[in-house]
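In what follows, a single structure is set out as C-alpha cells and then discussed.
The values are calculated or read from the model by the stated rules, or taken from the named source; none is laboratory data. Values in this document were obtained by computation on a predicted structure and should not be read as measured data. Counting neighbours? That spans all protein chains shown, and the Cβs are built from the backbone with ideal geometry, glycine included.
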Amino acid sequence: MQEKGESINILGIETSCDETAAAVVADGRIVKSSVIASQTKLHAKYGGVVPEIASRAHIEKIYPVIAEAIEQADVTKEDIDAIAVANQPGLTIALIVGVTAAKTLAFVWEKPLIAINHLHAHLQSAVVTDEDLQLPAVALIVSGGHTCLYDYRSALEPKLLGSTIDDAAGEAFDKVAAILRLSYPGGPSIEEAAKKGNPDAIKFPRSMLGKDSLDFSFSGVKTAVLYYCRGQDMKGENKVDSMSGQEIADIAASFQAAVIDVLVKKTQRAVERIGAKTVLLGGGVAANNELRSRLQQMCEASVPVKKLFVAPKQYCTDNAVMVASLAYYKFKAGLFADMTLEPKATG
Ligand code: KG4
Ligand code: ZN
C-alpha cells in the first residue's frame, strides 16, 4: 500500500468489446502508459464485432498488453496500488477475459480489485486531463453500443437521464456506412465522406420522441437511408453502386447532420432541465469533429453552460486510461470488489 504523500498508481484493464487495453494512471490524472491492441482488422470483413472472434483475440493479447503497459509506465508490481477492470456493460465473453486477468493479478499480487462501469469510464475520459470542472454537468456518451445522457454531480454516481431505445449512435454510423459501402468502422468513413457533401441535400428524419424526452432513437434515420438507396419496398435496385461520389457524400453528410441535430438538441434539453454549468462528451462517436463543434456552439449559446469538456481523441474510443482514472475515485472511497466479480452484459 502507498506511503503517505506518494501517488496512487492504478493498473486499468479494458476488454468490453474489440479493444484489448491496459494503462497505468497515477492519482486519476497522470497517464503513465496506455496500450491498446485494436481488433478492427479482424472484424472488418464481417462489418461488425463478432463476439467469439473478439474473445479469442482478447485471450491472445491480454498478457502482452498488460506487460507492455507496466513496462512503458516504468513501474514494478510493487508500485501498483490496485487493479481496476471494466466488468460491465459489454460482450460478456469479451469482458470475462479482462475480469479474469484482473482477478488473477489482484489475487497473486495481493492488490485490491476495483470494478468499473465501462460507460461511466467513457464519461471520465472527458475529465481525465481537466481540473476546473463546474457542477452540475450533463454528460453525453455516444459509442458503438450506447447513447446515454447523464446528470453528473460526482464521478462515482452519474444519474442516467435518457438512453437509446433502439440503435446506438455509433451503431447507426456503422450500419449506414455498410449501406453506402464505406469502410468499417463506419463513423470515421462517414465523417470523411461527409466533408465533401451537402448536409441539407436530403432531409432525413430527426426522431425527438416527444417534446420532453431525453431518450434517443436512431433506427428510423438508418432505415430512411436504406429506403433512399433501395426504394421504399426494398425491391428496387440498389442505387448505391451507380451513385457518384458526390451523391454518396451528400447522403453521408445529410445522415450525419440528422444524427448530430438530435444529439445536440437532446443535450440542450438536459442542460436546461438540470441547470448544467458544464457539458461532458465522450465515447467513440465523440471523435467526430462536426459533433464536437456543434456541441461547442450549443454550449457557447446556452445559459448557464460555461464549458464543454470533450474527451481527447485518443480517449474517445475504448481505452484503459479511462478505467484506471475512474478507479482512483473508487479507491479513495474504499469501493473495492472481491473475487466473486463477474462480467455483466448490461449496466
Ligand atoms: O466507444 P467505442 O470505441 O466502442 C464502444 O464502446 O461501443 O465506439 C466505437 C464507435 C463505432 O460505432 C464507430 O463507428 C464510432 O464509435 N466512431 C465514430 C467516429 N469514430 C468512431 N463515429 C462518428 N464519427 C467518428 N469520427
Ligand atoms: Zn466503449
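For (1) part of a helix (DSSP H, G or I); (2) within 11 Å of Val176 (Cα to Cα), each residue gets a yes or a no:
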{"residue": "Val225", "(1), (2)": "yes, yes"}
{"residue": "Cys229", "(1), (2)": "yes, yes"}
{"residue": "Gly236", "(1), (2)": "no, no"}
{"residue": "Val240", "(1), (2)": "yes, no"}
{"residue": "Gln246", "(1), (2)": "yes, no"}
{"residue": "Ile251", "(1), (2)": "yes, yes"}
{"residue": "Ala258", "(1), (2)": "yes, no"}
{"residue": "Lys265", "(1), (2)": "yes, no"}
Over the stretch 255-285, the set of residues within 15 Å of ligand 1 (Cβ to nearest atom) and of a type in the set (S, T, N, Q) is Gln256
Within the stretch 116-131, track down each residue that is of a type in the set (A, V, I, L, M), within 11 Å of ligand 1 (Cβ to nearest atom) and either at pLDDT below 95 or within 8 Å of the chain's Cα centre (by Cα) (or both). Leu119
For a quick check of your reading of the model, give me the residue pairs whose first member lies in the stretch 134-147 and is assigned to a loop (DSSP other than H, G, I, E, B), whose second is among the polar types (S, T, N, Q) and more than 14 Å from ligand 2 (Cβ to nearest atom), with beta-carbon atoms closer than 6 Å and at least 6 apart or on different chains. Gln134/Thr278
Checking the condition outside any helix (DSSP H, G or I) and either under 30 Å from Ala178 (Cα atoms) or modelled with pLDDT under 95 (or both), which residue from Ile36, Ile53 passes? Ile36
Breaking point among (1) in contact (Cβ under 8 Å) with a residue 40 or more places away in the chain; (2) away from ligand 1 (no atom under 16 Å from the Cβ); (3) farther than 18 Å from Glu14 by Cβ; (4) among the β-branched types (Val, Ile, Thr), for Val99: (3)
In the stretch 278-305, anything modelled with pLDDT under 95 and of a type in the set (D, E, K, R) is listed as Glu300
Looking only at residues in the stretch 262-284 that are free of Cβ contacts under 8 Å to residues at least 60 places away in the same chain and within 19 Å of the chain's Cα centre (by Cα), which one is surrounded by the most Cβ atoms within 10 Å (Cβ to Cβ)? Val262
Criterion: of a type outside the set (Ser, Thr, Tyr), touching a Lys or Arg at 6+ places or on another chain (Cβ under 8 Å), surrounded by fewer than 24 Cβ atoms within 10 Å (Cβ to Cβ) and under 22 Å from Asp167 (Cβ atoms) - qualifying residue of Pro89, Pro136: Pro89
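Does Leu182 qualify as being in a loop (DSSP other than H, G, I, E, B) and surrounded by 14 or more Cβ atoms within 10 Å (Cβ to Cβ)? Explain how you work it out, then say what you get.
On the way: in a loop (DSSP other than H, G, I, E, B): yes; surrounded by 14 or more Cβ atoms within 10 Å (Cβ to Cβ): yes.
Yes: the conditions hold for Leu182.
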List pairs: first in the stretch 55-83 and under 23 Å from Tyr329 (Cα atoms), second in a helix (DSSP H, G or I), Cβ under 6 Å, 6+ apart or cross-chain? Lys77/Trp109; Ala82/Phe331; Ile83/Ala102; Ile83/Leu105; Ile83/Ala106
Pairs returned, first residue in the stretch 33-44 that is under 19 Å from Glu71 (Cα atoms), second residue that is crowded, with 19+ Cβ neighbours inside 10 Å and among the β-branched types (Val, Ile, Thr), beta-carbon separation under 7 angstrom, 6 or more apart or interchain, are Ser33/Val24; Ser34/Val321; Val35/Val65; Ala37/Thr20; Ala37/Val65
Pull up the stretch 286-330, narrow it to residues that are within 16 Å of ligand 1 (Cβ to nearest atom) and in a loop (DSSP other than H, G, I, E, B), then point me to the one that is nearest to Val24 (Cα to Cα). Ala320
